Amino acid sequence: MTQTQLAERWQVAESTLELWRSAGVGPNYMKILDRMRYCLSDITE
């Protein structure tokens, strides 16, 4: 799932997800080709 998709799903701004990543909180993510990806299983638990 992309950052945009997750932001829409959780109804938060993409910048919120970016802040969470820099703070070391929020869902696990993978960086692939300079883009953040989230596993569906990590965000539905």
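The numbers here are math on the coordinates, done by the rules we state, and not lab data. This one's a predicted model, so the numbers in the text were calculated from it and none came from an experiment. Quick reminder, even Gly has a Cβ in these numbers, built from the backbone with ideal geometry, and neighbours come from all protein chains shown.
Close amide H pairs (under 5 Å, H built 1.01 Å from N) link Met36 with Gln3, residues at least 5 positions away or on another chain.
Remark: spin-label model distance Asn28-Asp42 equals 0.7 nm, labels positioned 7 Å along the Cα→Cβ axis.
Other residues within the sphere of radius under 14 Å centred on the Cβ of Thr4, judged by their own Cβ, net out at 0 (K and R +1, D and E -1). Note on Trp20 and Gln5: the model spin-label points, each 7 Å out from Cα along the C-beta direction, lie 1.6 nm apart.
Taking a ≥ b ≥ c as the square roots of the eigenvalues of the Cα gyration tensor, an a/c ratio below 1.5 marks the chain as rounded.
Relative contact order for the chain: 40 percent, from Cα pairs under 8 Å spaced at least 6 residues apart, divided by residue count.
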